[in-house]
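Enquirer: What follows is a single structure, and I will ask about it in a moment.
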2 protein chains.
Amino acid sequence: MKIAIDAMGGDFAPFEIIKGVEIARDRYKDIEFQLYGTEGEVKPLIQNWERIELIPTTEVIAMGDEPVKAMRRKKDSSMVRAAMAVKAGRADALFSAGNTGALLSSAIFLVGRIKGVDRPALATALPSFGGKYDHFVFMDLGANADSKPVHLYQYGILGSFYASHVLKIDEPSVRLLNNGAEEDKGDEVHKTAHQLMKNSPSFNFLGNIEARDLLDGTADVVVADGFSGNAALKATEGTALMMLKQIKQSILAAGLRGKIGGALLKPAFKEVQKKLDYNEAGGAVILGTKAPVVKTHGSAKATAVANTMGQIKIMVDTQLIPDIQQYINAHTEELRAGNDALSEQTND
Amino acid sequence: MKIAIDAMGGDFAPFEIIKGVEIARDRYKDIEFQLYGTEGEVKPLIQNWERIELIPTTEVIAMGDEPVKAMRRKKDSSMVRAAMAVKAGRADALFSAGNTGALLSSAIFLVGRIKGVDRPALATALPSFGGKYDHFVFMDLGANADSKPVHLYQYGILGSFYASHVLKIDEPSVRLLNNGAEEDKGDEVHKTAHQLMKNSPSFNFLGNIEARDLLDGTADVVVADGFSGNAALKATEGTALMMLKQIKQSILAAGLRGKIGGALLKPAFKEVQKKLDYNEAGGAVILGTKAPVVKTHGSAKATAVANTMGQIKIMVDTQLIPDIQQYINAHTEELRAGNDALSEQTND
C-alpha cells in the first residue's frame with residue numbers, strides 16, 4: 001500500500017516526520033511512502049531511500065493559515081499535493097501533522113466524501129479505564145461545529161465501523177454524549193438524534209452518556225456533536241494535565257518527604273500518564289472520506305508518527321473505507337427514510 | 001435575614017441538612033432559618049430551636065421526579081413551599097439539595113425572573129489553578145440546553161456581578177467557552193455571542209477560552225452555553241476522579257514501594273483533592289431570579305450545607321440581586337438594542 005505524507009506539517013516537521021517514516025518503513029514491509037515536501041529541506045534528512053519517494057513541492061500550509069483559503073490557494077503545498085495524490089488514486093491514504101482545518105478541508109473537498117455521508121467527522125481512540133476494551137472511539141472532535149441529528153446518527157455508523165475494524169471490537173456499543181441519561185434530555189438536536197439512533201438497525205445503541213462517565217468504558221463508541229465533543233475532549237485533557245502538574249507541585253512543596261514519596265511512586269505515575277497519553281497510540285482519523293485521512297498532533301515526535309502509520313495500515317488492510325462505502329450504498333434508502341422522518345419532526 | 005430551606009431534598013436529607021443548618025445557626029448570628037419539611041422526620045432531629053422555625057409540609061419532590069410536573073403538582077412539597085415563602089417575601093433566599101430540575105423550575109416560575117433576564121442560569125465557583133484569584137465563576141452549567149447568543153451575553157453580566165460581589169474580584173474579566181481562541185471560531189450561536197460580548201460596555205470581555213484552559217485562571221467568569229458548559233464541567237469532574245482512582249490503583253499494585261510512597265505523599269494528594277472538591281465550598285447558584293436560589297450537591301453533608309449558608313449570607317449582605325436588578329433596569333434600552341441588532345444579523 002502507498003501512503004501520501006505531508007512532510008512539512010507539524011511543529012517538528014520535516015525532521016520528526018521523516019524520522020517517523022523511516023521507523024515505520026523498517027517496521028512495516030508492505031508500505032511505500034510518498035513524501036510531499038520542500039526538496040531542500042526533506043532530501044538531506046532521508047538516510048535510506050528504500051520504499052521512500054520524494055515528490056518536491058514549493059509551498060507549505062502554516063498552522064495559522066485560514067484553512068479553506070490555504071487549501072484553495074496553496075495548490076503546490078505539501079498537504080494539497082498529498083491529498084491530490086490520494087484523489088487521483090496514486091496513494092491509498094493521507095497523513096499530516098499540520099493545520100487541522102486545512103487537512104479537514106483537503107479531506108472533504110479534495111479526497112472527497114463517501115456518497116451518503118453528509119459530514120465527515122474527526123474521531124480518535126481514547127483510553128477506557130473500566131470497560132472490556134482498552135480504548136473506545138470518540139467523535140466528532142470538532143470537524144463540525146453545527147451538527148444536525150442526522151449527522152450524529154451517521155457518526156454512529158462510522159464510529160461502529162472504526163471500532164470493529166481498527167479496535168477489533170465485536171458488535172461495538174454506541175452511546176450519545178448528552179447532558180443526562182434519560183432519553184428526553186438535551187437540546188432539540190440531541191433529543192431528535194437519540195430517537196433516530198434508538199430506532200436504528202445500523203448499530204447497537206445503548207442510550208445517552210454524560211461527560212462524567214466518558215472514560216469509564218461504558219460504550220465502545222461515543223458520539224458527540226462537534227462543539228461539545230471538542231469541549232469534553234479538551235476539558236479531559238486540560239484536567240489530566242493540570243492534576244499531574246498540581247500533584248508534582250505538592251510533592252515538591254513537601255520537601256524531603258515529598259522527594260522520597262515521589263521517587264517511590266514514579267513508576268505508578270508513569271503508568272497513569274502513559275495510559276492517558278492517547279496521542280502516542282496514533283492520530284485522529286477523518287471518517288467519512290473516500291480514503292483514510294489521519295492527523296497526528298502538531299507536536300508529534302517520530303514514535304507517534306510511526307505508530308500512526310501502523311494505524312493507517314490497519315485501516316487499509318481491514319478494508320475500512322470500502323466496507324463503510326458498501327454498507328452505506330446498501331442502506332441508502334433506509335438512511336434517507338430516517339432523514340425524511342426527521343425533517344418532518346423538526347424545523348432544523 | 002431569613003433563609004427558606006427545603007429540609008427534605010438531597011440524598012442525606014433531612015439529617016445532614018438539619019445538622020448543617022445548626023452549624024450555620026451557631027456560626028452566623030443574623031440568619032433565621034425556616035425549615036420546610038415533614039414534621040415527623042424533621043422535628044426529632046432539631047437539637048436547639050434558636051432561630052429555627054419548622055413549617056410542616058406533607059409532600060416531597062424525589063430526585064427522579066419529572067421537574068416541571070413535580071413543581072406544578074406537589075404544591076405542598078418542602079421545595080415548593082420554601083419557594084413560595086421567598087415569592088411572598090417571607091424569606092430572602094431559597095436553599096435546596098434536592099432535584100435540580102425541580103429547583104430550577106421553582107426558581108423561574110415561583111420565585112420569578114428578574115425583569116430583563118431572559119433565562120436564569122446555573123453558576124458555580126470553580127477552583128482556578130493559575131490565576132490571580134482562587135476561584136472563577138463558571139456558567140451556565142446546564143439550566144438551558146438551547147442557548148441563544150443574547151442569553152450568553154446576559155450570562156456575562158450576571159456572572160460579573162457574582163464575581164465582584166461574592167468572590168470579591170474587582171472588574172472581573174469574562175471569557176466565552178468556545179472551540180478555538182480566534183473570534184470567528186464556533187457555531188453560529190457562539191460566533192454571534194462573541195460579537196455581542198466584544199462590543200459590550202457591561203463587562204470586561206477578553207475573548208474565547210478553550211475547555212483545555214478552563215482551570216488555568218485566565219478569566220474570572222467563563223460563560224458557556226448550558227449544553228457544552230455541562231459537558232465541560234462533567235468531563236472535568238470525571239477526569240479528576242478517574243485520575244485519583246487510577247493513581248490509587250497504581251500505588252496499590254506497586255506493593256510495599258507503593259505503600260510507603262503513598263503514605264509519604266498522602267498530605268500532597270489531600271491538598272490537590274481538597275482544592276478540586278469545589279462542592280465543599282458552597283453550592284451552585286441560580287442567577288437571574290428575584291432572590292438567591294442555591295443548590296448544593298445531592299450528596300452534600302452538613303459541612304457543605306453550612307458553608308452554603310455562608311455563601312447565601314454574602315449574596316444577601318452584598319445586595320447581589322438588587323444590584324443586578326438596578327443595573328439591568330438602567331440598561332434595558334441598551335440591552336434591547338444589542339438584542340435587536342443581533343436579530344437582524346441572524347435567523348436564530
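The values are calculated or read from the model by the stated rules, or taken from the named source; none is laboratory data. None of these values were measured; they are calculated from a predicted model. Note that we place each Cβ from the backbone using ideal geometry, even for glycine, and neighbour counts take in every protein chain shown.
Enquirer: Looking at B:His135, B:His194, B:His151, which is the one that is over 30 Å from B:Gly9 (Cα atoms) and either among the hydrophobic types (A, V, I, L, M, F, W, C) or touching a strand residue (DSSP E or B) at 6+ places or on another chain (Cβ under 8 Å) (or both)?
Expert: Testing whether each residue is over 30 Å from B:Gly9 (Cα atoms) and either among the hydrophobic types (A, V, I, L, M, F, W, C) or touching a strand residue (DSSP E or B) at 6+ places or on another chain (Cβ under 8 Å) (or both) leaves just B:His194.
Enquirer: Moving to a separate point now. Restricting to segment A:247-274, what's the tally of residues that are closer than 14 Å to B:Pro267 by Cα and buried (at least 21 other Cβ atoms within 10 Å of the Cβ)?
Expert: Qualifying residue count for the region: 3.
Enquirer: Examine segment B:84-94 for a residue that is part of a helix (DSSP H, G or I), of a type in the set (D, E, K, R) and either at pLDDT 95 or above or over 24 Å from B:Phe12 (Cα atoms) (or both), and state whether such a residue exists.
Expert: Within segment B:84-94, one or more residues are part of a helix (DSSP H, G or I), of a type in the set (D, E, K, R) and either at pLDDT 95 or above or over 24 Å from B:Phe12 (Cα atoms) (or both).
Enquirer: Got a number for residues in segment A:85-99 being under 21 Å from A:Gly310 (Cα atoms) and in contact with a helix residue (DSSP H, G or I) (Cβ under 8 Å, 6 or more places away or on another chain)?
Expert: Residues flagged as under 21 Å from A:Gly310 (Cα atoms) and in contact with a helix residue (DSSP H, G or I) (Cβ under 8 Å, 6 or more places away or on another chain) within segment A:85-99 amount to 9.
Enquirer: Could you list, in sequence order, the residues of segment A:248-283 that are modelled with pLDDT under 85 and touching a strand residue (DSSP E or B) at 6+ places or on another chain (Cβ under 6 Å)?
Expert: A:Lys275, A:Tyr278, listed by residue number.
Enquirer: Go through the residues of segment B:10-22 one by one and say whether even a single one is assigned by TED's automatic domain parsing to the domain that holds B:Val294 and surrounded by fewer than 16 Cβ atoms within 10 Å (Cβ to Cβ).
Expert: Checking segment B:10-22: at least one residue is assigned by TED's automatic domain parsing to the domain that holds B:Val294 and surrounded by fewer than 16 Cβ atoms within 10 Å (Cβ to Cβ).
Enquirer: Can I ask one more? Can you go through B:Leu244, B:Leu177 and tell me which one is of a type in the set (A, V, I, L, M, F, W, C), touching a residue at least 12 places away in the same chain (Cβ under 8 Å) and under 24 Å from A:Gly180 (Cβ atoms)?
Expert: The unique qualifying residue is B:Leu177.
Enquirer: Enumerate the pairs (first residue in segment A:275-302 and closer than 17 Å to A:Pro322 by Cβ and crowded, with 24+ Cβ neighbours inside 10 Å; second residue anywhere and among the basic types (Lys, Arg) and at pLDDT 90 or above) with beta-carbon separation below 8 Å, excluding pairs fewer than 6 apart on the same chain, so at least 6 apart or on different chains.
Expert: A:Val285/A:Lys295; A:Ile286/A:Lys295; A:Gly288/A:Arg113; A:Gly288/A:Arg119; A:Thr289/A:Arg113
Enquirer: Could you say whether any residue in segment A:137-150 is within 14 Å of chain B (Cβ to nearest Cβ), touching a residue at least 40 places away in the same chain (Cβ under 8 Å), part of a helix (DSSP H, G or I) and crowded, with 24+ Cβ neighbours inside 10 Å?
Expert: yes
Enquirer: Could you tell me which of the residues A:Ile286, A:Ile312 is touching a strand residue (DSSP E or B) at 6+ places or on another chain (Cβ under 9 Å), closer than 28 Å to A:Asp26 by Cα and assigned to a strand (DSSP E or B)?
Expert: A:Ile286
Conditions tested, residue by residue: (1) part of a loop (DSSP other than H, G, I, E, B); (2) within 14 Å of chain A (Cβ to nearest Cβ); (3) within 23 Å of the chain's Cα centre (by Cα); (4) at pLDDT 95 or above.
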{"site": "B:Arg175", "(1), (2), (3), (4)": "no, yes, yes, yes"}
{"site": "B:Glu182", "(1), (2), (3), (4)": "yes, yes, no, no"}
{"site": "B:Leu196", "(1), (2), (3), (4)": "no, no, no, no"}
{"site": "B:Pro201", "(1), (2), (3), (4)": "yes, no, no, no"}
{"site": "B:Phe205", "(1), (2), (3), (4)": "no, no, yes, yes"}
{"site": "B:Arg212", "(1), (2), (3), (4)": "no, yes, yes, no"}
{"site": "B:Leu241", "(1), (2), (3), (4)": "no, yes, yes, no"}
{"site": "B:Gln246", "(1), (2), (3), (4)": "no, yes, no, no"}
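Enquirer: Determine whether segment A:300-311 contains at least one residue that is within 14 Å of chain B (Cβ to nearest Cβ) and either among the charged types (D, E, K, R) or in contact with a Phe, Trp or Tyr (Cβ under 7 Å, 6 or more places away or on another chain) (or both).
Expert: Looking through segment A:300-311, none of the residues is within 14 Å of chain B (Cβ to nearest Cβ) and either among the charged types (D, E, K, R) or in contact with a Phe, Trp or Tyr (Cβ under 7 Å, 6 or more places away or on another chain) (or both).
Enquirer: Please verify whether B:Thr192 is over 20 Å from the mean Cα position of the chain (by Cα), farther than 24 Å from B:Ile108 by Cα, polar (S, T, N, Q) and within 8 Å of another protein chain (Cβ to nearest Cβ), treating the condition exactly as stated.
Expert: Judged against the criteria, B:Thr192 is not a match.
Enquirer: Name the strands (runs of 3 or more DSSP E) wholly within segment B:1-81 that hold at least 1 residues that are under 21 Å from the mean Cα position of the chain (by Cα)?
Expert: So the answer is B:2-6, B:32-37.
Enquirer: Would you be able to say whether some residue in segment A:96-111 is modelled with pLDDT of 95 or more, in contact with an Asp or Glu (Cβ under 9 Å, 6 or more places away or on another chain) and at positive phi?
Expert: No.
Enquirer: Right, another one. Return the residues of segment B:214-239 that are facing another protein chain (nearest Cβ under 8 Å), more than 23 Å from B:Asn144 (Cα to Cα) and touching a Phe, Trp or Tyr at 6+ places or on another chain (Cβ under 8 Å); say none if nothing qualifies.
Expert: Across segment B:214-239, the qualifying residue is only B:Asp216.
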